Amino acid sequence: MKEGRGRQERKKKAKVTTLVNGCAERPTSCRSHGREVTTDSPHSSPTYRLPNTRAPFSPRAQSGSNNGCNMILNLNLIRSAGIGLFMIGTLPLLRLLLEAILRLAPPSDFQPPAHLDAEYDFVVVGGGSAGSVVAARLSEVETWQVLLVEAGPPPPADTAVPALSAFIYLPGYPTLFRYETVPQRNALKYSINQAAVLLQGRVLGGGSTVNGMVYSRGNRRDYDAWEALGNPGWDYASVLPYFIKSEDFIGTPPRETERFHGRGGPLGVTQAPLGTLSQHFVLAGRQLGYPVVDNTGPEQLGFPGNATFTIRDGTRSSTAEAFLRPATKRPNLHVLHSATVTQILFNEKRRAVGVLLEYNHKKISVGVRREVVLSAGALGSPHLLLLSGVGPGRHLKQHKVKMVRHLPGVGQNLHDHVSLSGLSWTLPRAEESSAQPLPLTINDVTQYIKNREGRLARPPADVLDAWVKASPMGDPLWPDIQILLFGATVAQDYGIFSPAAYNFDAYVSVPIEQAVCSGPLRYGPTCLPQ
């Protein structure tokens with residue numbers, strides 16, 4: 001029942017007082033230690049709500065009684081201040097310490113050229129997972145001059161340490177584009193403004209520098225479908241040799257899938273033993289009748305027998321490190337980071353002849369003799385096309401952009417993961433995974449510094465993918481659902497930082513009658529669905 005209703009309307013509803021940790025009184029809301037309980041009638045289910053991480057001054061956070069049950073406001077302020085202080089002060093210090101102690105490859109390898117050429121054979125826009133590889137491969141031809149332009153900086157030291165990948169998803173992390181969708185009417189009920197946050201790497205290596213490092217090639221039927229749509233060379237049989245060529249597999253695959261793995265390639269792929277949680281995950285899949293498979297093999301339907309990560313010798317193997325850094329020694333490759341391409345330049349025949357970019361607060365025009373390669377990501381590439389006059393004519397006219405070509409599909413048909421999260425369980429200490437969440441110990445740090453081994457050398461929690469088929473329609477071996485096991489919840493840090501990383505709203509509701517508590521209600525979600 002909301003605050004603004006009249007006294008007469010209040011009388012129509014039965015007043016039910018819910019007591020949690022001694023905080024009670026009003027049927028509208030009751031807050032204590034980061035929880036809110038509400039009830040409107042004897043027939044409605046009381047709910048508990050998690051504290052807001054992004055909107056400490058939201059109207060709902062400020063409403064309520066003055067009986068000491070408004071701790072949520074202070075907790076939000078403390079959490080927001082903590083995230084801000086961490087990003088501003090702690091992160092630069094952490095990076096300096098890591099660079100000094102770990103002696104990683106220096107960022108100077110990606111030093112921008114002293115002078116840009118007036119023209120290049122190829123200009124690659126976007127130095128992410130794809131762009132870093134494309135630029136490195138093009139520069140193998142000594143007579144081709146190649147320019148790679150990336151909006152972000154070189155990979156910072158913290159991205160090299162696998163266990164520190166959890167920090168990357170916090171709001172304010174400087175090497176991410178944090179896009180936000182418009183509010184969704186029938187989805188994202190638990191998110192702030194019912195909007196999704198879409199993260200893209202703003203760094204050399206792109207997503208491969210900031211992602212969870214799970215190695216997955218995809219299903220062969222997807223590639224064959226792309227080829228059937230009119231893209232020759234994208235069928236599975238054509239792309240498989242390049243997957244094998246690029247891979248440096250470290251581990252022992254099953255004998256029947258050995259031929260699908262590569263050795264000695266630039267991209268490090270390490271096989272990791274399954275942790276306790278992952279073993280139970282795979283066992284559950286077998287009990288459901290699914291086979292145990294090698295995800296890199298010819299079929300993905302089933303549960304994996306091993307976890308594989310883009311890690312080599314205890315450090316992240318991003319495309320910036322694996323492909324681009326070795327190529328920077330070539331004189332025909334220029335890497336210009338921290339620069340933004342704002343427009344593709346076309347001649348009167350509508351052929352791309354160059355790009356306009358901003359670097360060091362200056363606008364620079366660079367010509368191209370052969371091709372402009374657009375690899376700015378699923379959002380950045382169509383955005384740049386629209387800014388350059390390629391896209392739906394009506395949309396371009398609306399934004400007063402001179403039309404080069406009317407192309408209705410640009411900016412349309414975005415496909416992203418549709419996900420359902422929230423199935424969480426608590427386990428006895430003896431049953432927990434060996435890949436424990438933070439905090440780390442001095443022994444963990446020492447082991448990593450000396451040998452690049454231990455908890456810092458792997459992701460911060462058990463992570464494993466499985467693919468299943470839910471629909472009876474279509475190819476029975478073409479999975480339509482991905483199941484992701486992640487061995488930690490948003491409660492791992494008592495709700496201090498994790499909810500902010502996932503854009504969770506403070507007012508997500510779960511009926512108490514559908515939950516059982518694993519212990520005293522503390523700060524964060526500690527009740528589990530039955």
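The C-beta contact set for the stretch 444-462 (first residue modelled with pLDDT under 90 and in a helix (DSSP H, G or I), second residue open to solvent by 60 Å² or more (accessible area, probe 1.4 Å) and not hydrophobic (A, V, I, L, M, F, W, C), distance under 9 angstrom, 6+ apart or interchain) comprises Arg455/Ser434; Arg455/Thr441; Arg455/Gln447.
With respect to Val133, is the statement that it is closer than 25 Å to Trp234 by Cβ, touching a Ser or Thr at 6+ places or on another chain (Cβ under 9 Å), among the β-branched types (Val, Ile, Thr) and surrounded by 15 or more Cβ atoms within 10 Å (Cβ to Cβ) true? Judged against the criteria, Val133 is a match.
Within the stretch 444-476, the set of residues being more than 25 Å from Asp158 (Cβ to Cβ) and surrounded by fewer than 14 Cβ atoms within 10 Å (Cβ to Cβ) comprises Ala470, Ser471, Pro472, Met473, Gly474, Asp475, Pro476. Applying the condition of being of a type in the set (S, T, N, Q), more than 24 Å from Gly201 (Cα to Cα) and loosely packed, with under 15 Cβ neighbours inside 10 Å to the stretch 331-387 and asking which residue is farthest from the chain's Cα centre (by Cα) yields Asn347. Annotation note: Cβ proximity below 9 Å between a residue of the stretch 277-301 that is closer than 17 Å to Asp462 by Cβ and a residue that is open to solvent by 30 Å² or more (accessible area, probe 1.4 Å) and among the charged types (D, E, K, R) (sequence gap 6+ or interchain) occurs for Leu277/Glu431; Leu277/Glu432; His280/Glu431; Val292/Arg286.
Identify, please: which residue in the stretch 409-443 is open to solvent by less than 80 Å² (accessible area, probe 1.4 Å) and farther than 21 Å from Tyr494 by Cβ and is, among those, modelled with the highest pLDDT? Per the criteria, the residue is Val410. Would you confirm, using the coordinates I've provided, whether Pro273 is surrounded by fewer than 22 Cβ atoms within 10 Å (Cβ to Cβ) and closer than 22 Å to Tyr448 by Cβ? Against the criterion (surrounded by fewer than 22 Cβ atoms within 10 Å (Cβ to Cβ) and closer than 22 Å to Tyr448 by Cβ), Pro273 qualifies.
For Thr328, the criteria (1) at pLDDT 95 or above; (2) hydroxyl-bearing (Ser, Thr, Tyr); (3) open to solvent by 40 Å² or more (accessible area, probe 1.4 Å) hold in every case but one, which is (3).
Scanning the stretch 95-118 for residues that are assigned to a helix (DSSP H, G or I) and open to solvent by 50 Å² or more (accessible area, probe 1.4 Å) yields Leu96, Leu97, Glu99, Ala100, Ile101, Pro107, Ser108, Asp109. Total residues in the stretch 193-206 satisfying the condition of being at pLDDT 95 or above and touching a strand residue (DSSP E or B) at 6+ places or on another chain (Cβ under 6 Å): the figure is 1. Applying the condition of being within 25 Å of Leu96 (Cβ to Cβ), part of a helix (DSSP H, G or I) and open to solvent by 10 Å² or more (accessible area, probe 1.4 Å) to the stretch 136-164 and asking which residue is modelled with the highest pLDDT yields Ala160.
On the basis of being in a helix (DSSP H, G or I), charged (D, E, K, R) and modelled with pLDDT of 85 or more, does Arg79 make the cut? No. For the stretch 250-261, the set of residues classified as in contact (Cβ under 8 Å) with a residue 40 or more places away in the chain and either buried (at least 16 other Cβ atoms within 10 Å of the Cβ) or in contact with a Ser or Thr (Cβ under 9 Å, 6 or more places away or on another chain) (or both) consists of Ile250, Gly251, Pro253, Thr257, listed by residue number. Within the stretch 337-348, residues that are closer than 19 Å to Pro112 by Cα sit with their Cβ atoms under 9 Å from residues that are open to solvent by 50 Å² or more (accessible area, probe 1.4 Å) and outside any strand (DSSP E or B), at 6+ positions apart or across chains, in these pairs: Ser338/Asn360; Ala339/Asn360; Thr342/Leu387. The condition (being β-branched (Val, Ile, Thr), touching a Leu at 6+ places or on another chain (Cβ under 7 Å) and closer than 22 Å to Tyr223 by Cβ) is satisfied by just one residue among Thr296, Thr310, Thr257: Thr310. Within the stretch 224-237, residues that are surrounded by 15 or more Cβ atoms within 10 Å (Cβ to Cβ) sit with their Cβ atoms under 8 Å from residues that are basic (Lys, Arg), at 6+ positions apart or across chains, in these pairs: Tyr236/Arg220; Tyr236/Arg221.
The values are calculated or read from the model by the stated rules, or taken from the named source; none is laboratory data. Everything quoted here is computed from the prediction, not taken from an experiment. When we count neighbours, we look across all protein chains shown, and the Cβ atoms used for this are built from the backbone with ideal geometry, even at glycine. For accessibility, only protein heavy atoms count, side chains too; no ligands or nucleic acids. Shrake-Rupley method; radii C 1.70, N 1.55, O 1.52, S 1.80 Å.
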